[in-house]
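First the structure, in the form of structure tokens, and then the observations on it.
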Amino acid sequence: MELQKQIQNLITGDAVDDHETLQTFSKDASLYKIEPQVVVFPKQVSDIQALIKFVAEKKRAGFEMSISTRAAGTDMTGGPLTESIVIATTRYLNHIKKIGRDYAITEPGVYYRDFEKRTLEQGLILPSYPASRELCAIGGIVANNSGGELNLNYGKTENYVQEIKMVLADGLEAVFRPLNLAELEQKKLAPGLEGQIYRQMSDLIDYNYELLQQAKPKVSKNSAGYYLWNVFDKAKGIFDLTKLIVGSQGTLGVISEVNLKLVKPKKHEHLLVIFLKDLHDIPQIVNLLLPFQPQSIESYDDQTFKVAMRLLPNILARLKGNALKLLWGFLPELWMTLTGGIPKLVLLVEFAADSDAEAMRTTQKAQESLLKLGLATKLIKTEDEAQKYWVIRRESFNLLRHHVQGMRTAPFIDDFVVKPEVLGEFLPELYQILDKYKLLYTIAGHVGDGNFHIIPLMKLGDKNAPVIISKLGAEVYELVFKYHGSMTGEHNDGLVRGPYLKQMYGEQVFDLFVQTKKIWDPEGIFNPHKKSGADFDYAKKHLDF
Ligand SMILES: Cc1cc2nc3c(=O)[nH]c(=O)nc-3n(C[C@H](O)[C@H](O)[C@H](O)COP(=O)(O)OP(=O)(O)OC[C@H]3O[C@@H](n4cnc5c(N)ncnc54)[C@H](O)[C@@H]3O)c2cc1C
């Protein structure tokens, strides 16, 4: 019997293998394309359980089969792509189960845009939402350990996951949450895979505690690898496997429910815009600004700016309000473009407070603190004007993806992080590397965290693309590692960066990643070719050019 029919007979949801569906699920926002065999839309957790048991049996009988879970499919690394079976969660597993005083319990297939509408009814948000907030869903945010413009103040998704329900490789659903040591001992006695995971993971982390603490990347944000160093907090006596599941890109099991801590955002915000001609000023600017506790320091570069001006009608369509008035608002930018006065980098520094006066006062003081550097700065007075800058920052990648004819965005050096204090040395070295390849690219990112998004644009059908991707990628990551950075602050490893994990963390730590995967997924059911299973050849074979 066909695979689709065999699966359909097991579940209450849908198992689909028509051409159109397979095409849709063969892509995310990455460089890759891989067509699955079947897409499964589970209606309930028991469907996921039945599918996992079915795949395990098939594997034991010698069939090549695996499961990759998908939320909204906006991953930039190939994370949800597979040749085998996709579990797609947004069709049915899309219910918010509860919103409490400062938390929400939700299924993984809830789009962030729907989630936030509901949480805002209680005046709450999940502050780690990514720039893809209108497109992505909770399962992906958690499994990628996503982050965004508010990270500087609030940190990433890992700080907000309080409890995870996950279906494990034996088909049973387990609940993960922080445990004290007595609770951990109880959990070790649990039957089946759950108990085995607790026993083996606590041994692995205990034996390698010092090594793991040293391996933790010394930057403010990291999505690379398995975050083994965060699981056991010795000082507090807390053992928390949610810290490992977050960011594990669907390689350890299928997340079926999440409890997320929410925060009350400050009500009033003001924006300071800084127009930078010289990137060497960045570390000094960041140092001067941090004492004022900005909630974000974001950036976009001259190329992003030019693309935004070229795609101005698309930008205006994304802004609410009178088109003519909005166009008028962009006249200074159009003038800059025509006269060649475009800054190298535009920094957006936002300050938030409980009152408008306080937010304004802090923004003014921050602006004054920069006077001695002689920079061009602008304090934004109206929300409309602030929206104009934010839309360029937030929409830059999305606009590039859809509107530059004959070219495609090529995210492969799209998310590295170094300490902000080394940016003055790091960025010129980076530009030297980039200049050799004569590519058109945009830079945007979270300057306050030292986290940059570089998105080259490459010609469709370019035969050199695979060579450039592997050579330029290798050079950039070598530089990032030289400065003790991380190759991904938020977008995660996937196919594109997984193969560099050994280089980033070293043999010994990488071996602990391999052991971790084996403990959770002894038969290799979940999302192969990602994390410790990644390799350059497989990734190269599936490049979509
Ligand atoms: C325009 C644009 C802007 C972006 N900006 C940002 C940004 O600012 N910050 C950022 O972090 N990312 C960004 N991204 C990348 C991406 O949008 C985020 O990582 C997002 O959180 C992924 O969510 P998703 O719902 O699309 O997940 P998917 O792409 O569906 O999946 C992501 C990963 O999670 C796994 N997964 C999904 N659901 C489950 C589950 N239930 N159980 C186990 N594993 C699961 C998948 O296997 C995959 O490995 C951007 C992408 C685009 C297109």
Determine the relative contact order of the stretch 498-540: mean sequence separation of Cα pairs under 8 Å and six or more apart, normalised by residue count, in whole percent. 54
Given the stretch 199-288, what whole percent of its Cα pairs are spread farther than 21 Å? 56
Give me the one-decimal nm value for the distance between modelled label points at F536 and L460, 7 Å along each residue's Cα-to-Cβ direction. 2.9
Theoretical FRET efficiency, 1/(1+(r/R0)^6), r = Cβ-Cβ of Q284 and N159, R0 41 Å, to 0.05: 0.90
Net charge near Y111 (other residues with Cβ under 14 Å of its Cβ; Lys, Arg +1; Asp, Glu -1) is +2
Gain on full stretching of the segment that runs from L327 to Q214 - 0.36 nm per residue minus C-alpha separation: 35.5 nm
Once R0 is set to 60 Å, what does the formula 1/(1 + (r/R0)^6) return for the Cβ-Cβ distance between Q6 and K372, expressed as a FRET efficiency to the nearest 0.05? 0.25
Dipole magnitude of the stretch 236-315 about its Cα centre, charges +1 at Lys/Arg Cβ and -1 at Asp/Glu Cβ only, in debye to the nearest 20? 320
Can you tell me the length gained on complete extension of the stretch S355 to F292, counting 0.36 nm per residue apart and subtracting the Cα distance? 21.1 nm
Run the simple label-point estimate for Q37 and E134 please: 7 Å along Cα→C-beta, distance reported in nm. 3.9
Förster-model FRET efficiency, 35 Å R0, T339 and E478, C-beta, rounded to 0.05: 0.35
Cα pair count fraction exceeding 21 Å, expressed as % - the stretch 362-497: 52
Can you report the principal axis dimensions of the chain using only the alpha carbons, biggest first, rounded to whole angstrom? 69, 53, 45
Based on C-alpha coordinates, I'd like the Rg and Dmax of the stretch 402-456, in Å. 12.2, 38
Starting from the 7 Å offset along Cα-to-Cβ, what nm value, one decimal, do you get for the label separation of D233 and A317? 4.7
Pull out the extension gain between R60 and E121, defined as 0.36 nm times the separation in residues minus the alpha carbon to alpha carbon distance; nm, one decimal. 17.1 nm
For the stretch 64-112 versus the stretch 395-413, the gap between their alpha-carbon centres in whole angstrom: 24
Highest first, please rank the peptides 74-83, 381-390, 182-191 by the mean number of other Cβ atoms sitting within 10 Å of their residues. 74-83, 381-390, 182-191
With contacts defined as alpha carbon pairs under 8 Å and 6 or more residues apart, what's the relative contact order of the chain in percent? 18
Hey, which of these cross-link pairs are over 23 Å Cα-Cα: K306/K388; K243/K530; K306/K540; K266/K365? K306/K540
Whole number please: convex hull volume per residue, Cα atoms of the stretch 442-545, in Å³. 117
Do any of K117/K261; K53/K518; K5/K33; K5/K43; K98/K221 go past 19 Å between their Cα atoms, and which? K5/K33; K98/K221
Per principal axis, descending, Cα span of the stretch 485-525 in whole Å: 31, 21, 14
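Laboratory data are not the source of any read-out in this text; all were calculated from the coordinates shown. Computed from a predicted model, the values in this text were never measured in an experiment. Here Cβ is always computed from backbone atoms with ideal geometry, including for glycine, and neighbour counts include all displayed protein chains.
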